[in-house]
Structure formats: structure tokens, C-alpha cells
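Below: the structure, in C-alpha cells.
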Amino acid sequence: MKTAYIDNQAFNIDVGETILSFIRRYKEASLVPTLCDAPNLEPFGSCRVCSVEVANQENGLVKTVASCHTPVAEGQYIFTSSPAIKQLRKNIIELVLTDHPLDCLTCEVNGNCELQTVAAQVGIREVRYPEGENHLSRKKDLSHPYMTSDLSKCINCYRCVRACDEVQGEFVLSMAGRGFDSRIIKGLGQSFEASDCVSCGACSQACPTSAISDVFQSKAKQATNTTRTICTYCGVGCNLEVSTNNGEILSIRAPYDAEVNQGHTCLKGRYAFKFYNHPDRLNSPMIKRNGQFEKVSWDEVYSYITDKFIAYKKEFGPDSMAGISSSRCTNEENYLMQKFFRAVINTNNIDGCARVCHSPTALGMQRTYGTGAATNSIDDLKDTNCIMVIGANPTDAHPVTGAKLKQFSMKSHNVSIVIDPRRTELAKYATHHLALRPGTNVAVLNMMMYYIITEGLVDNDFIKNRTEGYEDFRRELLSIDLDHLEKVSGVSRYDVRAAAIAYATAPNAMSFHGLGVTEHSQGTFTVMQIADLAMMTGNIGRRGVGVNPLRGQNNVQGSADMGVQPHQGAGYLDVTNEEVNKKYNAFYGAEVPKHIGYKIPEMFDAALKGKLKAIWIIGEDVVQTDPNTQKVIKALEATDLVIVQELFMTETAKYADVILPGASFLEKSGTFTNGERRVQAVREVVKPIEGAKPDGQIIVEVMNKMGYNQPDYTPDGMLEEISQIVPFFAGIRWDRLGKNGLQWPVKPDGTDTKILHQESFKRGRGFFKFNPWEETAELTEHAKDYPLILTTNRELEHYNCGAMTRRTANEQILNDDYLMINPKDASTYLINDGDYVCVESPRGKVDVKARITDEVKEGILSTTFHFPDIMINNITGDIHDSEAMCPEYKVVAVRIRKSKGKYKSELS
């Protein structure tokens, strides 16, 4: 082991580390102060405050170096605090302060000013040099709702520029001018508002002087407590550090030691939290009487609900009731919800929003591998050579992972393949962009696999040793009609061939897929093809490879893990299996039915037929987010008892008979499971607002009211129960989760699993199954009268139905849904940018503002669905994935015209 010396004390060296990282492994960080250095940025060496003296053992020469970017070498003697070094650091900081507001030395409300700390460390109490004038008169930028900049405080350390480049990959900030005229600029101007800033806050967190800072940090209140928890938005599962003062949330930052997000968040995770105490929060249970909601006590609402449940169960049977649970709830709460319906109501009529986004992922990967979850970790991007992103726009929908994928794609030696109808941000950097027609994923992937076979690029050893069904699969694949598939997909076979060769010849290739894969009539088949691609090229079971779904909501993976589905209970155990049924009956002390329950679409169908009498919906705005809105409304109106457990009066809550006020992620404890199977601790930051309760506690109290003995909700107690019934949670305990959680499966001793299928698949051998492309019934039935195809997408600023983000300043950044239209289609229909467009489908019509762009191809439209005044799902249909019943949001047959009503009202 090689050694070097810190102040004459010997320590072992790690390969590739700098002098600064070497010192900090063994000594306190304050021993060597820094200004331009940051934990998540590459060494830069601009401030030289970290300088140390290094003596060469052989010749005794002593030199001064910047420790942040100088490699440590064997035999070096490093002196951190010699008189010369102390004087050098003091002179540097004094010179910096001459061009900086001098009240920095005495300022008490200084945000995140590290300069003041370093000045104290090096012993500066006053500055000997005359005060400069250059920076001090610079105008503040107050154009952003979340960030402010006062560049009179800037010390030109470049940390903000580097954060924007290295962390987010946006390249908004840069340095202009030379010498004393050097200054930070935002795009081509001086304001955030006029730039392409995506509001991630990386610059604010990186800035050492509050020259760029969060608006919340500019308040007089100082944080008295910091709590580490997990973001409520997408499936990335970012760690957050939430600062509070007397029960009020002041700000959120990202911890640098978080394995998931390494000091980075998007604007939703960092800034969109003000909904937690918004005036619109539901703060009392309510029962609708004579068409009006009346506030009632918790005792009264529990009695009302349980009396109804007992009566329906006795008169109509357990299957007359159903539940929809939420991926915004913790694992423990989802587990309790399915347990309530199975053990107390005695029905398998339980489903959740995972049905609406990633049920084809679970089913397709289970059929192929035996496990319906990500095979690898996002960290494996460090070890891959090629990424394939299909049906996903991660820079908007999964921004932290999206930034990493973007950084990967921008490096010239890496290969990236994007398969998407839109020219997404990643597509702009892609080596290969296959802009297919919506609904033809199966066609394009079959073409890719055809070329991998015909070019002799399959991994025959992997196929022989670890798979089955390949010969039948190969035979059918080689019989596909390339001419037909090329025509229907709109993608050149030569482009498909080039992408196929790139994927198959890469030493390591990873795939990532999203809702553009699953929300189709052939969604499950597409997932199976993605899994087939990995198997036939041997890209499974090691670092830098695998199949990695990008989960839409924060706990989609966890809600499915916990049994929120009608055919599988907790741990994905088959409810129809006799042995499984006995296991559940013994564990729950109740009779769990053996027949498969209703999926969400079947619940609505049953309601319309008069078979469903009660439905309990937690945290899911089915009226706004499920397809065919008018059908959903009719189903709710046809149901005798609709219970909605929510934070706000959503579109669905308006149709409720009973409302239960739940708690946000900031007001509860439990766990979320992110898209890479990482179970992480959610910790209560503030108490629930008055009148609301944690969702898990509400479920427990209803269970007890109905005579089932369930202990009060605690995260440790619930995890203990879950670990006994969910096999891959066997070793998960609350006190074992630590800062970064555990990736399931977790052994009883607490050992987790970073990579799945390393030696064998969960089902034994991986299974190949050929599936031919078929046109969706949406187009075969309606394309003649509705010749355009509408697909849906998300925007960075908002989350799903927008119930939370629309109650934050995010609405100042994006305040309306919009329709993307190709310039040729816009010309054909005489539509200008900003006009309102009437979009009509066989189900109805909506008016939405036009955005003219070549990011969509001719004949293709794309829209968002975040705002209830538009209600895009009035026009989406009933077509679902043929296997998993996931709605087909991505292919809607429509026609358009300039809207007369809204367009005229806009002009007037």
C-alpha cells in the first residue's frame, strides 16, 4: 500500500485521489479551506485558497500547489498549515474581499455565504486593501420566482457555471468580460427570466457567497432544524434536506452524499413544496348531504363509512366494493390499503395508478425474466458505452436522471439511441434518433432484432446457457415484412439497422423506457421486446447493462411491490395459487379470496352496470388523469359511496360522497421505493396540518372500526410486518435504511442487491416470445374521420394532474397546457402560434393553445394534461394494453380546427 504524509503523519493513498480528497479522508474538512471546490464538481483550481506545501522526499524541494486538483503521490510530505501557507490564504481572501461587499464579515443573515466562514478560518477581521468598485453597483435579478442573484457578491469562482454545465448540462451560465470586467451572464442576457434556465437550483446550491441564492434563504428566519427525506414527485427518488423553523419549511437542498442525486434536484423537488400548507388544503372529514359537503368529526365519518361497508358486504357481497391506492403514499400505506380490502372486506378489488402507467413493465418483465423491476442502477451509467432511451423524455419527466443521460449523450465517444415520435431534448444529442409513428414500437423493435440476427451480432453463449424459446422466436422474427414495417413506422430500415448494430456491438448497453412504451395497446409486448434485446446481446446481469424502466410517479414500484393490484398480493404472490392463499389467510388471520379482482377500468365498467356499490380512492385524481373523463364521471355518479382521501378538492373529490383529508409526504414517515428498487426512508418534516391525518393512520383506524385489530401506524412497525410476507423485503428494517436505503431483494442479514439476474433469472431461464406488430383499434376504427394522431406528454414544471405543483410558484413558470403542432399541419389548418385549437376525438373535444414546432412530425400532435380547465382526457379513449389493461394515452385519433370560442375571447 502506498503512503504519503500529512503534517508528518503517514496515511495510505487511494488510487486517483487528489491531495485535497486525501487530506479530507483523514482530517477535518476545515483544515484546508476552499472556495471554488464543491463535492459534486470536477476540480477547478481557480481560487487557490486550498493551497498546501508539498515536499519531495528524494530532493527535498518544497512547492506550493492547489490541493483540489493536484494528484497525491507516494512519499509526498504535505504541509497544510505552514506560516507561508497561512499567509498566502489570508492574502487571497483579503484580495477577494476588496471586490466584495465588506459587510460580509459582520453580516448575520448571509444565506449560504462560505466566504465569511473562510475569512474567519484564515483569521481576517478587517481588510487592509482599498475597497473596489467594480461589482458593488450591479443590479439584482429578481425575475425568477425561486432564485435571486446579487452579482455584487460574486467572486468569479465559476462554481455556478460549472454546476450548470457539469450537473445539469444546461450551459445557461457563463463568464463574460476579462480582468476586472469579468462577470456571470445568463444566456445572452442578465436575467433568469430571459434565459433557458430550467430552475434546478444547482447554481444556487453551488454558489459560496449567495451571489445566486434561493428566495427562501433571503428571509430573516434562520433554520433551526434539518430533516432528510425523499422527494414526492417522480421515480428517481431524490434525497432532500428540508430546513425548518418552528414547524415552517424554509428551504430544501440536496445532500451531496445521496447516492441517487448527489447534490442535485429538479425545480419540483427543490422548490415546489409550498403546497403543503396551502389555504386550499382539506382540513376536515366531510360528508356530502343534499348535494353539499358538511364538515364532520373523525368519529362520525368512520362510523358512516364502516356502517356502509358492512351493509354493502352483507347485501351485495365483498366484490361490490373496491379500492384505488396511491403511488404518492408510502409503501406501508399501500400495504395497509391492499390488506384492508383483502383481509377486512375480503375482496381482491384493489388497484392503483401503477396500472395507469407501468403495469406492462411489471407484466412484460415478469414474463421474460420473472421479476418486473429495474435490473440495474442509474449509477451504472459510469460503466456503459451505449444507452437506448425509448418512449421517455427524462429531462422533463425524470430530470435528475435525465441530466445524467444528457451528460452521457453529449460525450462524443458514447453512443445514444432515442426511439421517440418527438424530437426530445435527448434526441437532439442522440447518435441515432428513430422518430417512429406513435403505436409502432413493436414494429421498430422487431426490425432492430431482425438486423441483430442477420448481422450475426447475437450472443450465442448467453442464449444457449441462460434462455429458452429462442429458436421459435428467431424463426418468426426472420419472417417479418420489412417493407410493411418500414412503411407503417415511418422509420427508414437503414436507420433502424444502424441503431441495431450500435446497440449490439457496444461492450455494454443499457436501455431506459417510459410511458411512451407502456401506454399503448401493445405495451406489454414492447417491454418484452426490450428485455429480448438485452438477452440476445448478453446485456444483462452485470454493471453498465440491463433494462431500466423510468417510473412515472415516486412510488409506482413500491405500490406494486406491496400488492396494490388485483391479481397479485404483497410480494407479487399469485392470489389464485392455493399455497399462496393459505399463506395469506394464516398471516392476515382472515379469508382472502382466490379469484382475481377488478382492475381500475373494470371497476368503472362494474359501476356502470350497477355492480360496484362503493369505491375508496386515495391520492388519485381519476377524473382528470384517467382516460375518457366523461365515462369516469358517469361511473362515479353510478356508485353509491365514493370515498376520496386527498390533499385538495380535486376534480375527483368533487364527485365524492365522503372526503378524508390526508397528509403530504412532508407530514409523514415511511418508505418510498424508487425506480431502481431502492427502498428509502421518508421522514416526517412537519406535523400534519390541523384536521388532517397521515394516510396510513386513517386506514388503520377504519380497519379497527370494522373489528380488525391493526396496530397504530408506525414505519418501523409496518416494515417489520411487511418483511414477514414480502420475500424480497426480508432484511429491510427501519433502522437499517440509513441515508441511502437498500435495493431489494434484501437478505435477512440486510445485504441488498445492486444488480439482478447475475447468475440466473428469477424464472430460471429467460424466455423469448415473438409478438407481431398490430395496429391499434383506435386507428383502425377512427382514423378515416380523425386523421391526426394525438399523443400526451409531461412538462418539467408540473407533476401529473398538477394538484400540488399548481399550488406553488411553478405556475408562474408554466401556467397552461399546450398543443404541439408541426408547421405544415399548422399551415394546412390556418393555425398560428398561440391560437386556441379545437381538438376533437370520437369521445369529445377540448380547446387548447397551439405551440408551432418541428419537434413533432407532420400528422402528429402532442399535448400536456396538467390543468383541469383543459381536461385533455375528455378526448382520450378506452383502448388499453391487451395484456395489462394500461390505458393507451399515446395514440388518440383526432381532428383539429382553429377554435372559434376561446380564440375570439382571447382577441376580445
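How many residues does the range 74-90 hold that are surrounded by 15 or more Cβ atoms within 10 Å (Cβ to Cβ) and of a type outside the set (K, R)? Please lay out each step first, then the result.
Taking the range 74-90 as the starting set, the residues that turn out to be surrounded by 15 or more Cβ atoms within 10 Å (Cβ to Cβ) are 76-80, 85, 88-90.
Going one step further and asking which of them are of a type outside the set (K, R), we end up with 76-80, 85, 88.
Of the residues in the range 74-90, 7 are surrounded by 15 or more Cβ atoms within 10 Å (Cβ to Cβ) and of a type outside the set (K, R).
Among the residues of the range 855-904, write down those that are buried (at least 23 other Cβ atoms within 10 Å of the Cβ) and among the basic types (K, R).
Within the range 855-904, K890 is the sole residue that qualifies.
Quick one: which helices (runs of 4 or more DSSP H) lie wholly within the range 324-385 and hold at least 1 residues that are in contact (Cβ under 8 Å) with a residue 24 or more places away in the chain and closer than 30 Å to L533 by Cβ? Break it down into steps so the answer makes sense when it comes.
On the way: elements: 331-339, 354-357, 359-368.
Qualifying helices (runs of 4 or more DSSP H): 354-357, 359-368.
Do you know which residues across the range 620-655 are surrounded by fewer than 24 Cβ atoms within 10 Å (Cβ to Cβ) and either assigned by TED's automatic domain parsing to the domain that holds I872 or small (G, A, S) (or both)?
Across the range 620-655, the qualifying residues are A638, A653.
Restricted to the range 46-65, and to residues that are surrounded by fewer than 23 Cβ atoms within 10 Å (Cβ to Cβ) and under 15 Å from P208 (Cα atoms), which residue is nearest to the chain's Cα centre (by Cα)?
S46
Checking W616 against (1) surrounded by fewer than 23 Cβ atoms within 10 Å (Cβ to Cβ); (2) assigned to a strand (DSSP E or B), only one condition comes out false. Which one?
(1)
Can you name the residue in the range 469-523 that is acidic (D, E) and touching a helix residue (DSSP H, G or I) at 6+ places or on another chain (Cβ under 8 Å) and, of all such residues, is farthest from P549 (Cα to Cα)? If you could, list the steps in order and put the result at the bottom.
Going through the range 469-523, the residues acidic (D, E) turn out to be 471-472, 476, 481, 483, 486, 495, 519.
Subset that is touching a helix residue (DSSP H, G or I) at 6+ places or on another chain (Cβ under 8 Å): 486, 519.
On the way: E486: 26, E519: 13 Å.
The selected residue is E486.
Please return the ranges of helices (runs of 4 or more DSSP H) entirely within the range 408-471 where 3 or more residues are in the same structural domain as H398 (by TED's automatic domain parsing) and basic (K, R).
Numbers: elements: 425-429, 441-454, 460-466.
Of the helices (runs of 4 or more DSSP H) lying wholly inside the range 408-471, none has at least 3 residues that are in the same structural domain as H398 (by TED's automatic domain parsing) and basic (K, R).
Run down R543, R551 and say which single residue is part of a loop (DSSP other than H, G, I, E, B), within 14 Å of G391 (Cβ to Cβ) and among the basic types (K, R). Reasoning before the result, please.
Working: R543 fails: within 14 Å of G391 (Cβ to Cβ).
Residue meeting the stated conditions: R551.
Looking only at the range 326-360, how many residues end up being among the hydrophobic types (A, V, I, L, M, F, W, C), at pLDDT 95 or above and either surrounded by fewer than 24 Cβ atoms within 10 Å (Cβ to Cβ) or in contact with a strand residue (DSSP E or B) (Cβ under 7 Å, 6 or more places away or on another chain) (or both)?
8
So how many residues does the range 361-400 have that are over 22 Å from K890 (Cβ atoms) and buried (at least 24 other Cβ atoms within 10 Å of the Cβ)?
7
Can you find a residue that is touching a helix residue (DSSP H, G or I) at 6+ places or on another chain (Cβ under 9 Å) and of a type in the set (K, R) anywhere in the range 185-203? Don't jump to the end; show me each part of the working.
In the first step, residues of the range 185-203 are kept if they are touching a helix residue (DSSP H, G or I) at 6+ places or on another chain (Cβ under 9 Å); the result is 190, 197-203.
Now narrow it down to the ones that are of a type in the set (K, R): none.
Taking every residue of the range 185-203 in turn, none turns out to be touching a helix residue (DSSP H, G or I) at 6+ places or on another chain (Cβ under 9 Å) and of a type in the set (K, R).
If the requirement is being touching a strand residue (DSSP E or B) at 6+ places or on another chain (Cβ under 8 Å), of a type in the set (V, I, T) and closer than 27 Å to K705 by Cβ, which of these qualifies: I252, I287? Walk me through it before giving the result.
Values: I252 fails: closer than 27 Å to K705 by Cβ.
That would be I287, the only listed residue that is touching a strand residue (DSSP E or B) at 6+ places or on another chain (Cβ under 8 Å), of a type in the set (V, I, T) and closer than 27 Å to K705 by Cβ.
Starting from residues that are surrounded by 20 or more Cβ atoms within 10 Å (Cβ to Cβ) and not assigned by TED's automatic domain parsing to the domain that holds P688, keep the ones in the range 282-304 and report whichever is farthest from S243 (Cα to Cα).
M286
Each row is one residue, and each column tells you yes or no for (1) buried (at least 18 other Cβ atoms within 10 Å of the Cβ); (2) under 21 Å from I879 (Cβ atoms); (3) at pLDDT 95 or above; (4) hydroxyl-bearing (S, T, Y).
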residue: L790; (1), (2), (3), (4): yes, yes, yes, no
residue: Y799; (1), (2), (3), (4): yes, no, no, yes
residue: A809; (1), (2), (3), (4): no, no, no, no
residue: M820; (1), (2), (3), (4): yes, no, yes, no
residue: G834; (1), (2), (3), (4): no, no, no, no
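Return the residue satisfying two criteria in turn: it lies in the range 391-405 and is of a type in the set (A, V, I, L, M) and either without any contact (Cβ under 8 Å) to a residue 24 or more places away in the chain or touching a Leu at 6+ places or on another chain (Cβ under 8 Å) (or both), and of such residues it is nearest to L434 (Cα to Cα). Explain how you work it out, then say what you get.
First, pick out the residues of the range 391-405 that are of a type in the set (A, V, I, L, M): 392, 397, 400, 403, 405.
Checking which are either without any contact (Cβ under 8 Å) to a residue 24 or more places away in the chain or touching a Leu at 6+ places or on another chain (Cβ under 8 Å) (or both) leaves us with 392, 397, 405.
Working: A392: 13, A397: 20, L405: 17 Å.
Filtering first and then ranking leaves A392.
When the residues of the range 305-325 are narrowed to those that are among the basic types (K, R) and buried (at least 18 other Cβ atoms within 10 Å of the Cβ), which ends up nearest to V592 (Cα to Cα)? If you could, list the steps in order and put the result at the bottom.
Of the range 305-325, the ones among the basic types (K, R) are 308, 313-314.
From what is left, the residues that are buried (at least 18 other Cβ atoms within 10 Å of the Cβ) are 308, 313.
Values: K308: 21, K313: 14 Å.
Residue satisfying both the conditions and the ranking: K313.
Just give me the residues in the range 159-194 being under 18 Å from S213 (Cβ atoms) and buried (at least 20 other Cβ atoms within 10 Å of the Cβ), in sequence order.
Hits for the range 159-194 are R159, C160, V161, R162, A163, C164, V167, Q168, L173, I184, K186, F192.
Please go through the range 709-729 and give me each residue that is surrounded by 17 or more Cβ atoms within 10 Å (Cβ to Cβ) and of a type outside the set (S, T, N, Q), ordered by number.
The answer is Y713, P715, M718, L719, E721, I722, I725, V726, F728, F729.
Within the range 565-590, track down each residue that is part of a loop (DSSP other than H, G, I, E, B), closer than 11 Å to N348 by Cα and touching a residue at least 60 places away in the same chain (Cβ under 8 Å).
Our first condition is that a residue be part of a loop (DSSP other than H, G, I, E, B); within the range 565-590, this holds for 565-567, 570-572, 575-577, 589-590.
Among the residues that remain, those that are also closer than 11 Å to N348 by Cα are: 565-567, 575-576.
Those that are part of a loop (DSSP other than H, G, I, E, B), closer than 11 Å to N348 by Cα and touching a residue at least 60 places away in the same chain (Cβ under 8 Å): Q565, P566, H567, V575.
May I ask you to say which residue of V892, V839, V856 is within 22 Å of E651 (Cα to Cα), at pLDDT 95 or above, among the β-branched types (V, I, T) and outside the structural domain of E602 (by TED's automatic domain parsing)? Before the answer, list the steps.
On the way: V892 fails: within 22 Å of E651 (Cα to Cα); V856 fails: within 22 Å of E651 (Cα to Cα).
On inspection, the qualifying residue turns out to be V839.
What single numbered condition from (1) surrounded by fewer than 20 Cβ atoms within 10 Å (Cβ to Cβ); (2) touching a Pro at 6+ places or on another chain (Cβ under 7 Å) fails to hold for D749?
Failing condition for D749: (2).
What is the residue count in the range 244-269 for residues that are crowded, with 22+ Cβ neighbours inside 10 Å and under 17 Å from N225 (Cα atoms)?
Of the residues in the range 244-269, 3 are crowded, with 22+ Cβ neighbours inside 10 Å and under 17 Å from N225 (Cα atoms).
The values are calculated or read from the model by the stated rules, or taken from the named source; none is laboratory data. Keep in mind that what you see is a predicted model, and the values were worked out from it rather than measured. For neighbour counting, all protein chains shown are included, and Cβ atoms are generated from backbone atoms with ideal geometry for every residue, glycine included.
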